[in-house]
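Have a look at the structure below before the remarks.
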Amino acid sequence: MSEQSRTLPPEALDAWAAALRERFGLADDDVPVAAVLDLTRDVANGVARPAAPLGAFVAGLVAGRGGTDPALVLEAVEAVAALADGWEK
């Protein structure tokens, strides 16, 4: 697969997020796309690129264990980003 074909245009990202919300019965604010993208950028830059999906997964896992409050998702995202920010390579 070429690098160009792996690039996701904004409208495709919006469509993917909408499909995920619909499939799993989530509200718009249940899926903080910008926060998750920022998190993956921070982890990729602060730790290592392959660590980014793992960081996003763990943030989701932690948030899910806390219940259904969208604020818990943001708290988990912020906690993982803070850990990545202080990470020494």
- prompt: What number of residues within region 19-51 satisfy the criterion of being surrounded by 13 or more Cβ atoms within 10 Å (Cβ to Cβ) and either of a type in the set (Gly, Ala, Ser) or under 12 Å from the mean Cα position of the chain (by Cα) (or both)?
  reply: 17
task: Check region 8-30 and report whether any residue there is in contact with an Asp or Glu (Cβ under 9 Å, 6 or more places away or on another chain), touching a residue at least 24 places away in the same chain (Cβ under 8 Å) and within 16 Å of Glu78 (Cβ to Cβ).
output: no
message: For a quick check of your reading of the model, give me the residue pairs whose first member lies in region 33-45 and is in contact (Cβ under 8 Å) with a residue 24 or more places away in the chain and assigned to a helix (DSSP H, G or I), whose second is surrounded by fewer than 16 Cβ atoms within 10 Å (Cβ to Cβ) and among the acidic types (Asp, Glu), with beta-carbon atoms closer than 7 Å and at least 6 apart or on different chains.
response: Asp42/Asp85
statement: The number of residues in region 5-60 that are in contact with a Phe, Trp or Tyr (Cβ under 6 Å, 6 or more places away or on another chain) and among the aliphatic types (A, V, I, L, M) is 1
Region 54-73, subset surrounded by 15 or more Cβ atoms within 10 Å (Cβ to Cβ) and under 10 Å from the mean Cα position of the chain (by Cα), residue nearest to Leu37 (Cα to Cα): Ala56
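Just so you know, all these numbers are worked out from the coordinates, no wet-lab data involved. Note that the coordinates shown come from a computational prediction; the quantities given were computed from them, not determined experimentally. In this analysis, Cβ positions are derived from the backbone assuming ideal geometry, glycine residues included, and neighbour counts consider all displayed protein chains.
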